[in-house]
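**Student:** For reference, the structure I am asking about is given below.
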C-alpha cells in the first residue's frame, strides 16, 4: 500500500495545518524573515516554508517539540557562539517549541544570509561579464 505524501502549495497552507499556538509562532517567524529579507520570494521547498533570494536563504518547519530553522551551515557557523545553547546540526537549529524563539538572533542570521546570497550573486554576475 502506497502512502500519499503530504504536499503544500503555499506557506499559508503549511501553517494552517498546525494548532493555533504553533500557527502564531510560525507567522511571527515568517514576519521576522520578511522584515529582514523583503525582496525574498516565499515558496515551499523540501515541503517546508522557504525564503529565496538568489538561491535559498532559510527554511523553517514545526515539529512536535521544536521549531526547525535552516539557515545553511554558513548561517550557523557565523553565529556559533550565539547558537551554542540550541540543538543543532550542520545546517539546522532547533528552538524548543515551549520557549520564546530568539527573534533577535534569527534577524541577524537572516541578515547575514541575505548579504551572503547577494555577495554570491554579484560574484557570479561579475564572472559572467568577464
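Taken together, the values in this text are just the output of simple stated rules run on the coordinates, not laboratory data. Because the structure is predicted, anything quoted here is derived from the model rather than measured. Backbone-built Cβ (ideal geometry, glycine too); neighbour counts: all protein chains shown.
**Student:** Testing the spin-label approximation: label points 7 Å from Cα along Cα→Cβ at residue 43 and residue 17. State their distance in nm.
**Tutor:** Each label point is offset 7 Å from its Cα along the Cβ direction, giving 1.9 nm.
**Student:** Against the longest principal axis of the chain, how steep is helix 20-36, in degrees 0 to 90 to the nearest 10, with axes from Cα atoms?
**Tutor:** Helix 20-36 sits roughly 10 degrees off the main axis of the chain.
**Student:** Nearest 10 degrees is fine. How inclined is helix 103-129 to the longest principal axis of the chain, computing both from alpha carbons?
**Tutor:** Between the helix axis and the principal axis of the chain, the angle is about 40 degrees.
**Student:** What FRET efficiency, computed as 1/(1 + (r/R0)^6) with R0 = 30 Å and r the Cβ-Cβ distance, is obtained for residue 10 and residue 77, rounded to the nearest 0.05?
**Tutor:** E(calc), rounded to 0.05, equals 0.45.
**Student:** Next question, about the same structure. Using 7 Å Cα-to-Cβ label points, what is the residue 90/residue 111 separation (nm, one decimal)?
**Tutor:** Reported label-point gap for residue 90 and residue 111 is 2.9 nm.
**Student:** Mind giving me the FRET efficiency for residue 99 and residue 119? R0 is 25 Å, r the Cβ-Cβ distance, nearest 0.05 is fine. If you can, show how the numbers build up before the last one.
**Tutor:** On the way: r = 33 Å, r/R0 = 1.32.
Plugging the Cβ-Cβ distance into 1/(1 + (r/R0)^6) gives 0.15.
**Student:** Counting only helical runs of four or more DSSP H residues, what would the 222 nm mean residue ellipticity of the chain come to if each run contributes -39,500 (n - 2.57) and the total is spread over all its residues? Let's see the in-between values first.
**Tutor:** Details: 5 runs with 60 residues, N = 130.
Counting only the DSSP helices, I get -14500 deg cm²/dmol.
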